[in-house]
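The values are calculated or read from the model by the stated rules, or taken from the named source; none is laboratory data. Bear in mind the structure is a predicted one, so any value in this text is a computation, not a measurement. Using ideal geometry, Cβ is built from the backbone for each residue, glycine included, and neighbour counts are taken over all protein chains shown. Note: accessible area is taken over every heavy atom of the protein model, side chains too, but ligands, DNA and RNA are not part of it. Shrake-Rupley method; radii C 1.70, N 1.55, O 1.52, S 1.80 Å.
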Amino acid sequence: MTAEAPPVVPVDESQDSAPASGVRAWLSRHPLAAYALRRFGLYVVELWGALTIAFFFFRMMPGDPIQTLIQTLQQNYIYNQQASAELIARYQHEFGLDGNIFSQYLKYMEKLVLHGDMGPSLINYPTPAQTVILRSLPWTIGLLGISAVLAWIFGVVIGAIAGWRRGKLGSRVATNLSIALSHVPYFFVALILVYVFAYTLGMLPARSAYDSSINPGITPEFIGSVLKYGFLPAFSIVLIGTFSWILSTRMLMIPILGEDYLVYAEAKGLKGSRILTRYALRNCYLPQITAFGISLGFIFNGNVLVEQLFNYPGLGTTLVTAIQQLDFNTILGVTNIAIFSVLTAVLILDLLLPLLDPRVKYWK
């Protein structure tokens, strides 16, 4: 009795040889687009999650903003006791406080996403919260944005040189100063600067953003006044930020000094400055680019106290005033601006990173 051979199943070679189709095949053929779509999708999820957490956190805070508004109206003699119930119902609807917390969330997100409406501001009623925030936003961008960029540039350059020339006197001084001062709070340095340069020496103003006797405008006098009044708060942020970046950049620089490609570049007779800028520094500033976007949130937290100390009309001062008066719409608006700024900065840096570093994988 002989065993029969198994039947042969014909294979459709046309299906195997046909090019793959579908979304995943298209993404595999376009790795840059796939990487961008993946990062943008993650960005949307993170943004939605952060905004949702912020909404429920501030909505569950104790206190009644409507009673705060009514007390303000009473102080201005424009509140009628007979119309109290009607006023409370009207203000609850206007501020989005009527209904349960989930219906409040849906109404708030609908207005925010579809119309860009954050609701009325309690600290400047009935002005919309976005208008109040937009008045303060340029001051914070000018102070925080420029200071953060300068601190990053100074810190990366000095940290790279300190790591490249490790063991030298200048490198030891920069490293020890960075270790001692990198974790000092911004506001503490600001207090010392105010005491020395404003009250002791009288060289610089201690409060405000510009001279009140000068009319705001794009004029040399106003710009000079803004620079003079903003020097101390900006210097406190730049100083501490620079020391922090020096430490992290030096830590990234030292491990790569013994790499083969640096030894080969030195054997070719290239100058030390060229090896540092063209070879060694490129591997140091790439991780620092991503770290810069992440650090914006921590800088904003310290900037709140710095603005309050100098009475600077930025988002920090607006946020403190809104918290004192339980202005939920303005508090949420400032918080959402900070969340959006940090996540958007990280997204932009993530999209630029593959263009700067070919080792970054687009799609798996």
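Things worth noting here:
- Cβ crowding within 10 Å averaged over residues, with 182-191, 232-241 ranked highest first: 232-241, 182-191
- q = 0.11, 0.13, 0.17 Å⁻¹, the stretch 129-227: log10 I(q)/I(0) [Debye, one scatterer per Cα]: -0.54, -0.72, -1.03
- Sequence-distant residues sharing a close amide H with TYR312 (under 5 Å, placed H): SER208
- Each residue of the stretch 230-240 is assigned a 3J(HN,Hα), and the resulting list reads x, 5, 5, x, 5, 5, 5, 6, 5, 4, 5 Hz, derived from the Karplus form 6.51 cos²θ - 1.76 cosθ + 1.60 (θ = phi - 60°), x at Gly and Pro.
- Distance (nanometres) between label positions extended 7 Å along Cα→Cβ at GLU266 and THR52: 5.4 nm
- Projecting the Cα atoms of ASN215, SER178, GLY258 onto the dipole axis of the stretch 171-285, where Lys and Arg carry +1 and Asp and Glu carry -1 at the beta carbon, places GLY258 farthest toward the positive end.
- Simple label model, 7 Å out from Cα along Cβ direction - ALA198 to THR344, nm: 3.1 nm
- Each Lys or Arg adds one and each Asp or Glu takes one away; over the other residues whose Cβ falls under 11 Å from the Cβ of LEU351, this sums to +1.
- For the stretch 139-216, the per residue solvent-accessible surface stands at 59 Å², with DNA, RNA and ligands left out and a 1.4 Å probe.
- Separation in nanometres of the label points that stand 7 Å from Cα toward Cβ, at ASN215 and ARG90: 3.8 nm
- Solvent-accessible surface of the stretch 257-330, averaged per residue with a 1.4 angstrom probe and all protein chains in place: 48 square angstrom.
- Cα centre as origin, Lys/Arg/Asp/Glu Cβ charges: the stretch 94-177 dipole, Debye: 880 debye
- By accessible area with a 1.4 Å probe, ligands and nucleic acids excluded, highest first: order of LEU144, LEU305: LEU305, LEU144
- Across the protein chains, with a 1.4 Å probe defining accessible surface, the residues TRP245, TRP48 rank TRP48, TRP245 from largest area downward.
- Net length gained if the chain between HIS115 and PHE222 were fully extended (0.36 nm per residue, minus Cα distance): 35.0 nm
- For the listed peptides 307-317, 258-268, 150-160, a ranking on the average number of other beta carbons within 10 Å per residue, highest first, reads 307-317, 150-160, 258-268.
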